[in-house]
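Read the structure below first, then the notes.
The values are calculated or read from the model by the stated rules, or taken from the named source; none is laboratory data. Quantities reported herein were computed from a predicted structural model and do not represent experimental measurements. With ideal geometry, Cβ positions are generated from the backbone for all residues, glycine too; neighbour counts draw on all protein chains shown.
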Amino acid sequence: MKAAGDAGISVQHLDARNSENQPVSLAVTKTVTMPVGKTALGSAFPNPFQQTTAIQLALETGGMVKLGVFDVQGRQVRNLINGYQVAGQRMVSWNGRNDAGMQLAAGMYVIKLETSGVVTSRRVAVVK
């Protein structure tokens, strides 16, 4: 953020389609506000999800960032970000697959953010 005002992220319109490119109805009515000027891991939505979830992320300052997905045994199954990121807000999507591209089993997973002395996590559920 470089000036005063609302630095929030919003989605004005969303079209969803299935694998046959047919329109799919979405019942998502969630407004999420990320803190301005703070490092935070926001909600994943939709949650639970079948195909893809979007994860909100806010960085107070630029720096090295690790964002990973872990199974319930604590093993990292997917690396979403591992490197330098500039300050600001962003959305990161995860398709329910591991680093090898294989679809993960239905169940509970943990999204974990590590950056600049901040470690935080959120649970996300994959359903079939």
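Residue count for segment 77-128 satisfying the condition of being buried (at least 17 other Cβ atoms within 10 Å of the Cβ), under 15 Å from residue 63 (Cβ atoms) and either hydrophobic (A, V, I, L, M, F, W, C) or in contact with a His (Cβ under 8 Å, 6 or more places away or on another chain) (or both): 2.
So, of the residues in segment 43-53 that are assigned to a strand (DSSP E or B) and surrounded by fewer than 20 Cβ atoms within 10 Å (Cβ to Cβ), which turns out to be modelled with the highest pLDDT? Outline the logic, then answer.
Initial filter on segment 43-53 (assigned to a strand (DSSP E or B)): 43-45, 49, 53.
Keeping just the survivors that are surrounded by fewer than 20 Cβ atoms within 10 Å (Cβ to Cβ) gives 43, 45, 49.
Numbers: 43: 88, 45: 89, 49: 92.
Among those that are assigned to a strand (DSSP E or B) and surrounded by fewer than 20 Cβ atoms within 10 Å (Cβ to Cβ), it is 49.
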